[in-house]
1. With the contact rule set at Cα under 8 Å and sequence spacing of 6 or more, what percent relative contact order holds for region 45-144?
2. Work out how much length residue 122 to residue 109 would gain on full extension: take 0.36 nm times their residue separation and subtract the Cα-Cα distance, in nm to one decimal.
3. What FRET efficiency comes out for residue 38 versus residue 142 if R0 is 30 angstrom and r is the Cβ-Cβ distance? Round to the nearest 0.05.
4. Taking each pair of different alpha-carbon atoms in region 39-144 once, compute 1/r for the pair, average those values, and report the inverse of that mean as the Kirkwood hydrodynamic radius in Å to one decimal.
5. Given R₀ = 22 Å, FRET efficiency for residue 129-residue 47 by Cβ-Cβ distance, to 0.05?
6. Do you know the Lys pair count in region 52-144 for C-alpha distances under 17 Å, with sequence separation 8 or more or different chains?
7. Could I get the Rg over Rh figure for region 88-144? Both from C-alpha atoms, Rh via Kirkwood, rounded to two places.
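None of the figures in this text is laboratory data; all of them are computed from the coordinates on show. These numbers were taken from a predicted model, which means no experiment stands behind them. A quick note on method: Cβ atoms are made from the backbone with ideal geometry, for glycine too, and the neighbour counts reach across all protein chains shown.
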Amino acid sequence: MKKVIVGMLALIMCLGLASCGKSSENAPNMAEVVEKAKTEGANWSVDEWKEAFKQMMLAVKPMMLEMSELMKSIEEPEGKEVDPAKVAEVMTKVQEVQKKYPDFEKLMNEFEEAAKATENGKKVIEDEEWGKSVAKELGLPEDL
């Protein structure tokens, strides 16, 4: 689970983002999930924390799919150099994605801190197999 969350953060940070609070129409509101985790998380069971993590993944799914597609667009076959013009174009698109999700990093950090502050939250963070299975279930990119 931790690797999934860290992978999400690393992908965004590597691209120079500081970004994402909004979510798509069907996705949960990230800020609301974080606020609930901060105020009620101390009393949550492992299953309640798992549901909160799942809600966070659903909230970031649209952004992660966009970022994954952008990264794929600059991939080159092994041995071939990446085209600097493509990289520049992708970075412009990354900035557009960043504008859509302005509070992502802040909210992810707050959520992780809330989870780490509880025994049950820590158990979910450490459950990497569960995290991978939920990411797969939700259709999140495998390269996270």
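1. Numbers: 49 pairs, mean separation 40.9, N = 100.
With pairs under 8 Å counted, the relative contact order is 41 percent.
2. Working: separation 13, 0.36 × 13 = 4.68 nm, distance 1.41 nm.
Taking 0.36 nm per residue and subtracting the Cα distance, the gain is 3.3 nm.
3. On the way: r = 30 Å, r/R0 = 1.01.
That gives a FRET efficiency of 0.50.
4. On the way: mean 1/r = 0.0637 Å⁻¹.
Taking the inverse mean of 1/r over all distinct Cα pairs, region 39-144 comes out at 15.7 Å.
5. Numbers: r = 16 Å, r/R0 = 0.71.
Calculated value: 0.90.
6. So the count works out to 17.
7. Details: Rg = 14.9 Å, Rh = 13.6 Å.
A ratio of 1.09.
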